[in-house]
């Protein structure tokens, strides 16, 4: 790690963070050198990164420092899950945090890292006007081909790994000053990447998959466009306390959306691994312009990122 935190002695801060991250296994190098060194398993490597920006993706009024750290790693792990992968290592770049904030943020990061078996092997610290937490993750598919968005075919059935809209409903409650102990609030603050579900779907032969970060409607449109197919939805599974509009466009659910070729069944393998049975929601069709929900036009809802400016969390 290198860089200068907003306050405090840099060397002392870096030594404390290295202690929080723990020692590397034999043959690997983590924090403290110019780059981390990790083992390279056979098969495909997955590499993804996301940045969480204060005032755009989170506010300290609605989320604790630990929540912010957890979410920063969890949303990156969800990208690995969406390709049927598992995590190997992550690095964290933290800008604009006071020295006093670091322990809280890294408790959240390391909490998620321990739960999902992802070593945090280094990163960077820097000054900034607003807090930005950027995470990059490496993963592997353990020799299987990665599941892409572009493999869906007409006749493939569509599934999601759980009900939708919890995160949006939780954010709505927080902004109204309600529901501090509500399950939807917990889902908003600490999303759960579906790594086991992604692996199971890949092993079943999922033809296409992605994680639902920007809303079912918008993310489904992305899958359909990448695969060159249309969509007929028969249902939208709505989480308790959420509305169908929040399920379609609220975003940040981090459930997985995947398609299975005809004749493939998901329930058996998921149950054998102690995972909730995926919910069938529709089918892919040959008319690439078709987007329907229960026979009516499917509204295109969700969060599109802007190249300048941004929206405060919850808008």
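Would you point out which residue out of 247, 224, 239 is modelled with pLDDT of 95 or more and farther than 17 Å from residue 164 by Cα?
Matching residue, one of 247, 224, 239: 224.
So if I check each of 204, 192, 173, which one is outside the structural domain of residue 117 (by TED's automatic domain parsing), under 14 Å from the mean Cα position of the chain (by Cα) and surrounded by fewer than 23 Cβ atoms within 10 Å (Cβ to Cβ)?
Just one listed residue meets the conditions, 192.
In the stretch 165-206, what residues are part of a helix (DSSP H, G or I) and within 14 Å of residue 86 (Cα to Cα)?
Passing the criteria: 195, 196, 197, 198, 199, 200, 201, 202, 203.
Looking at the stretch 281-309, which of its residues are surrounded by fewer than 14 Cβ atoms within 10 Å (Cβ to Cβ) and at pLDDT below 95?
Those that are surrounded by fewer than 14 Cβ atoms within 10 Å (Cβ to Cβ) and at pLDDT below 95: 299, 304, 305, 306, 307, 308, 309.
In this structure, does residue 149 turn out to be touching a residue at least 60 places away in the same chain (Cβ under 8 Å), under 17 Å from the mean Cα position of the chain (by Cα) and over 27 Å from residue 96 (Cα atoms)?
Yes: the conditions hold for residue 149.
So is residue 274 closer than 26 Å to residue 77 by Cα and at pLDDT below 95 or not?
It is false that residue 274 is closer than 26 Å to residue 77 by Cα and at pLDDT below 95.
State yes or no: is residue 222 in contact (Cβ under 8 Å) with a residue 40 or more places away in the chain, under 17 Å from the mean Cα position of the chain (by Cα), closer than 18 Å to residue 146 by Cα and surrounded by fewer than 22 Cβ atoms within 10 Å (Cβ to Cβ)?
So residue 222 fits the description; yes.
May I ask you to say which residue of 36, 119, 97, 26 is assigned by TED's automatic domain parsing to the domain that holds residue 134, surrounded by fewer than 19 Cβ atoms within 10 Å (Cβ to Cβ), modelled with pLDDT under 95 and more than 18 Å from residue 213 (Cα to Cα)?
26
The values are calculated or read from the model by the stated rules, or taken from the named source; none is laboratory data. Since the structure is predicted, the reported quantities are computational estimates derived from the model, not experimental observations. Glycine gets a Cβ as well: all are built from the backbone with ideal geometry, and neighbour counts include every protein chain shown.
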